[in-house]
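Only one structure is covered here, and it is reproduced in the block below.
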Amino acid sequence: MRSTIRITLAALTVIVLGGLSVIPTGRFPRFGPFLDPVGGIWSVAGQARVPAEQQVALASLTDAVDVLIDQRGVPHVFAASEEDAYRVMGYLQARDRLFQLELMSRAGSGTLTELVGESALSGDRTTREFGLPWGAERKFSAVDSTSAGYHALVAFSEGVNSFIDGAGKTGIPLEYHLLGRSPSRWDPINSFHLFGRMGMTLALGDPARARLAVQGLVGAEAAAALVPLNNPIQEPIQPSNRRGPRYAFRTIPPPGPPDSVSALRARMLPTAFAAQPLGDGGGVGSNNWAVAPSRTQDGFALLSGDPHLGLSLPSIWYEIHLVVPGRLDVAGVALPGAPGVVIGLNRDLAWTFTNTGGDVLDLYAETVDDSISPSRYLLDGEWRPLELRIERYRNPRGEVLATDTLRFTHRGPMQHREGQWLSLRWTVNEPSFEADLFLRAGKARNAEQWLQTMRGYVAPTQNGLVADRAGTIAIRSSGAYPVRPDDGRGDLIRDGATSAADWTGTLPVEEYPFSINPSQGFLVSANQQPVDPLDNSRYLGANWISPWRALQINRLLRADPNVTPDRMRQYQTHTGSAHADAFVPFMLDAGRVARDSGIVDPQLLRAQELLSEWDRTYGPDDQRAILFELAVGELTRRTWDELKGADERLVFTPAGSTLRELLADSESVWWDDRGTAVRETRDDILTASLMAALDTAIARYGAPEGGDWTWSRIRNANIYHLLGLPGLSALGLPVRGGPTTISPLSGRGTAGASWRMVVELGEQVRAWATYPGGQSGNPSSRWYTDRLPQWVAGELAPVYLPRTPSDLPDSLRATRIIFSPGAAP
């Protein structure tokens with residue numbers, strides 16, 4: 001009852017105040033139906049009740065399916081056929097996450113306005129402009145309708161729709177009551193929309209925008225160093241047979257004259273492109289690592305999966321265990337809206353992914369027959385017709401809000417910016433069937449089979465890590481890497497008038513970054529550059545993130561020859577920072593140099609004293625991390641003042657590893673502050689940054705002895721409900737970590753570890769896992785936020801893996817559902 005009152009008050013507050021940003025003013029539900037005691041919001045509480053046993057009739061089933069829900073809310077599905085398993089999986093996901101399924105698929109199809117109204121129009125336009133619905137249609141039309149993957153999608157859809165058909169007003173989620181909407185029926189193509197949206201999250205970007213913007217301000221030579229093809233700190237995913245990282249520091253060329261042409265071309269590129277490297281202190285960044293039996297205490301391979309994504313309630317993942325005797329026995333997490341397990345384990349192996357960040361998108365300047373409303377484009381001296389799509393955006397009542405005419409070349413969608421038509425080719429829109437690959441990969445019996453299955457993976461590029469019971473550990477940076485003409489670089493805008501500018505194919509799998517059973521006895525990926533250019537100079541991308549997390553994980557594993565599952569868990573939320581270790585000594589040394597030169601500034605002495613007290617960790621109770629973070633912010637702004645635009649904001653911030661590279665050159669002209677009359681050196685900027693950081697810290701948080709410098713009071717995790725309702729969100733969570741730790745946390749704290757998993761590949765596979773939130777999307781459910789305390793503390797729960805229904809003890813069961821063929825009553 002308390003939870004029901006809580007969600008009702010939260011919802012009514014939003015309705016009365018009009019504070020829900022995704023619900024347009026004047027579109028709130030009518031109070032009568034909303035407060036209906038049978039079919040209104042009060043029915044949400046009834047949905048959360050968990051009887052000891054349930055019977056469900058599913059018309060599309062071919063045989064009975066036994067489902068046990070354990071105390072963690074995880075379904076263990078025991079079916080006689082794979083299709084029946086996926087039908088029930090669709091039903092269960094709809095029961096627990098129906099609104100999330102629809103929201104995410106609409107986000108990928110560009111039809112959110114049909115659910116939440118005009119406030120989503122801008123986002124829907126961007127989705128369609130980048131061709132995601134067009135790409136999903138191409139992919140779906142290419143699927144073999146006789147394939148097992150296709151039948152899995154159809155079966156999953158039947159399960160979702162069976163739940164919708166039987167839900168009625170009393171069974172639909174809270175969000176539909178808030179919006180005054182009803183669920184839409186599920187179509188198999190929706191799973192492609194879901195994967196397209198993931199591709200947009202993980203692979204929408206092109207280093208050309210950052211390079212051109214910087215080149216417009218300081219010239220080509222300096223831009224090549226500030227937006228480099230290769231990171232100056234090499235700790236790659238594919239081990240280089242060195243005992244530590246390689247520091248490839250070079251002198252950064254001084255600023256050159258501005259390049260107005262490059263500045264214009266930068267403005268031509270879509271603003272949706274991220275200007276910063278993904279995860280470089282932004283709180284988004286995944287980790288995985290595996291340890292060979294030779295370096296574990298019990299002689300079994302260990303694997304850690306730790307993908308970081310945007311945080312939400314309910315979670316982006318849905319945990320499940322599927323068993324079809326003799327065919328399938330797989331557990332882990334699925335994406336709500338698709339069958340199968342994406343990250344997980346079976347009886348023989350475990351696997352996980354991190355984002356590679358490869359450059360898989362190219363832009364082409366097109367020549368068209370009409371600068372305003374073209375119908376043709378020029379290719380190799382001949383005019384070709386453009387494919388035109390009339391895109392209509394409708395509100396929930398079906399009324400047209402806006403209409404766009406989108407144009408497509410043979411490469412992909414076109415966009416008109418700064419007087420130029422650009423077309424875009426992107427692997428996310430290329431024909432592929434990722435859901436089918438995940439279904440088949442879950443059946444692999446060893447690492448080699450898993451790697452063979454994943455050869456066909458296309459987008460977005462991912463570092464797939466696998467370990468098996470035989471002790472094999474392996475990693476491959478998989479996905480379609482375009483092979484480009486000439487120098488092969490993708491950070492350029494190419495001439496669309498010639499087919500010679502087109503991709504000539506994709507990189508052979510044999511040339512992907514890859515390692516199996518390395519001599520060092522472990523493998524690590526943390527979104528860093530996948531291979532040292534000295535080992536493989538192929539262009540895979542540019543502007544790679546700083547490898548701070550990779551450095552820290554490698555450091556821990558190099559120092560630990562007897563790793564245990566619990567230490568793997570501890571490493572996932574380790575609070576140490578390779579970034580702090582790299583910068584703090586320079587800050588302290590600069591102060592000592594100033595003192596030795598006779599400069600005695602009480603403010604500097606105080607700042608140095610406080611910083612020297614810091615152990616360079618980001619625990620929730622830490623009192624000094626904020627001083628360092630503020631100092632780094634000051635150092636960044638003061639160093640890169642040459643990169644300020646007309647609004648005095650930085651148009652681009654070089655990666656932290658590039659700033660570390662510059663620290664090696666104490667007299668570089670980049671240290672000079674253009675706003676002063678003197679010529680500053682590195683140490684001048686470092687001391688000024690530290691003193692300014694102390695001023696800011698005191699102004700914002702009071703005296704350092706007052707307790708308000710506590711890290712958890714300043715930075716914490718914030719997990720919002722899908723509609724942004726504060727009352728149904730989990731805010732101000734005091735988690736472990738900082739911007740560049742293994743578990744990164746920065747900014748608003750809305751991104752972080754979306755799933756943590758440790759697997760021991762012994763005689764019997766054992767696993768421990770958690771994610772932020774719970775299995776249910778119903779705020780009244782005991783499984784809505786039940787995992788949050790565990791996630792905040794960095795703890796993991798045992799993953800239950802019963803082979804048969806009788807193997808799960810009654811003490812671990814929450815409920816049993818018997819699905820049988822037949823029409824629902």
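Points worth noting:
- Computed from Cα atoms, the angle from the helix 602-612 axis to the main principal axis of the chain rounds to 50 degrees.
- Amide H to amide H distances under 5 Å link I473 with N517, where only residues 5 or more positions off or on other chains count and H is placed in the peptide plane.
- Judged by the mean number of other Cβ atoms found within 10 Å, the most tightly packed of the peptides 656-663, 446-453 leads the ranking 656-663, 446-453.
- Across region 343-482, the volume of the C-alpha convex hull divided among the residues equals 155 Å³ per residue.
- In terms of the mean number of neighbouring beta-carbon atoms within 10 Å, the peptides 792-804, 525-537 order highest first as 525-537, 792-804.
- Net charge of Cβ neighbours under 14 Å - reference Q449; Lys, Arg +1; Asp, Glu -1: +4
- From phi via Karplus (6.51, -1.76, 1.60), per-residue ³J(HN,Hα) for region 390-401 in Hz, x at Gly/Pro: 8, 9, 10, 10, 10, 8, x, 8, x, 6, 6, 8
- Looking at the chain, the DSSP beta bridges with both ends there are about 85 percent antiparallel.
- Calculated on alpha-carbon atoms, Rg and Dmax of region 415-561 in Å: 18.0, 60
- The Cα-based radius of gyration of region 370-452, divided by its Kirkwood radius, gives an Rg/Rh of 1.20.
- Karplus 3J(HN,Hα) series, Hz, for region 656-664 with 6.51 cos²θ - 1.76 cosθ + 1.60 (x for Gly, Pro): x, 5, 6, 5, 5, 4, 5, 4, 6
- Shown in residue order for region 530-540 are the 3J(HN,Hα) couplings computed by the Karplus curve 6.51 cos²θ - 1.76 cosθ + 1.60 at θ = phi - 60°: x, 8, 5, x, 5, 9, 7, 8, 4, 6, 10 Hz (x for Gly and Pro).
- Alpha carbon convex hull of region 267-400, volume per residue in cubic angstrom: 288
- When the chain is reduced to its Cα atoms, the Kirkwood hydrodynamic radius in Å: 28.1
- With the largest listed first and rounded to whole Å, the semi-axes of the equivalent ellipsoid of region 701-825 from the Cα gyration tensor are 36, 21, 12.
- Charge tally in the Cβ shell below 15 Å around V593, where Lys, Arg are +1 and Asp, Glu are -1, V593 excluded: -4
- Surface composition of the chain: carbon and sulfur atoms hold 50% of the protein heavy-atom accessible area at a 1.4 Å probe.
- Around V400: net Lys/Arg minus Asp/Glu count, Cβ-Cβ under 10 Å: +1
- Region 592-732, relative contact order [Cα under 8 Å, separation at least 6], %: 29
- Net charge dipole size for the chain [Lys, Arg +1 and Asp, Glu -1 on Cβ; Debye, nearest 20]: 1380
- Hydrodynamic estimate: the Kirkwood radius of region 714-786 over Cα pairs, inserted into Stokes-Einstein at 37 °C and 0.692 mPa s, corresponds to D of 235 µm²/s.
- Efficiency of FRET between E387 and A365 - r from beta-carbon atoms, R0 22 angstrom, step 0.05: 0.75
- Region 700-825: relative contact order as a whole-number percent, Cα under 8 Å and 6+ apart: 15
- Averaging the sequence gap over all C-alpha pairs within less than 8 Å and six or more residues apart, then dividing by the number of residues, gives the chain a relative contact order of 21 percent.
- C-alpha center-to-center spacing [region 200-259, region 507-529] in angstrom: 21
- The calculated P(r) of region 130-253, using every Cα pair and 10 Å bins from 0, goes 10, 20, 21, 17, 17, 13, 2 in percent.
- Distance between the C-alpha centres of region 327-350 and region 710-783: 21 Å, rounded to the whole angstrom.
- Positive-end extreme of charge dipole, region 719-796 - chosen from G727, L745, P789 (charges on Cβ): G727
- Taking all pairs of distinct alpha-carbon atoms in region 458-538, Kirkwood radius in angstrom: 14.7
- When each of the peptides 729-736, 239-246, 91-98 is scored by how many other beta carbons lie within 10 Å of its residues on average, the order from highest to lowest is 91-98, 729-736, 239-246.
- Nonlocal amide H pairs with S546, under 5 Å, H built at 1.01 Å: G656, S657
The values are calculated or read from the model by the stated rules, or taken from the named source; none is laboratory data. Being a predicted model, the structure only gives us computed values, none of them experimental. Every residue, glycine among them, receives a Cβ derived from its backbone with ideal geometry; neighbour counts consider all protein chains shown. These accessible areas exclude ligands, DNA and RNA; they are computed on the full protein's heavy atoms, side chains included. Shrake-Rupley method; radii C 1.70, N 1.55, O 1.52, S 1.80 Å.
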